[in-house]
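What follows is a single structure, written as structure tokens, with notes after it.
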Amino acid sequence: MIPQKTRIALQARVRFAGGIARRHFFVAHLWLTRRATHRAHVKTETYGPQSYGLKFRLADPSDIDSDLRALMAEAYRVGCQEHLTR
């Protein structure tokens, strides 16, 4: 974890996730190598041919369901750069 002035970043070999705490919700960002959807998903940014930044608005603990946990695990593998060793 890399705490910064206004946000938190998570890093394995590279940064793969981060977030910003707001008064009534948490804005989470994940780096994935594919597009994905989730009920808390609000935006996708394309960084390259297989590089996507996904933004989530988490307002309730129930927003972190098994689908989002799977996306978080996938982002961690991207942070470990496992997608480059295939």
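Readers should treat all values here as calculations from the given coordinates under stated rules, not as data from a laboratory. Since the model is a prediction, treat every value here as computed from it, not as a measurement. For neighbour counting, all protein chains shown are included, and Cβ atoms are generated from backbone atoms with ideal geometry for every residue, glycine included.
Annotations
- What you get for region 2-84, charging only the Cβ of Lys and Arg (+1) and of Asp and Glu (-1), is a dipole of about 320 debye around the Cα centre.
- Magnitude of the charge dipole for region 37-86, about its Cα centre and with charges confined to Cβ atoms of Lys, Arg (+1) and Asp, Glu (-1), is about 140 debye.
- Each residue in S66, S51 was given a count of other beta-carbon atoms within 10 angstrom of its own, and listing them fewest first yields S66, S51.
- For region 2-84, dividing the convex hull volume of the Cα atoms by the residue count gives 91 Å³ per residue.
- In degrees, nearest ten, helix 66-79 long axis to first principal axis of the chain (Cα): 50
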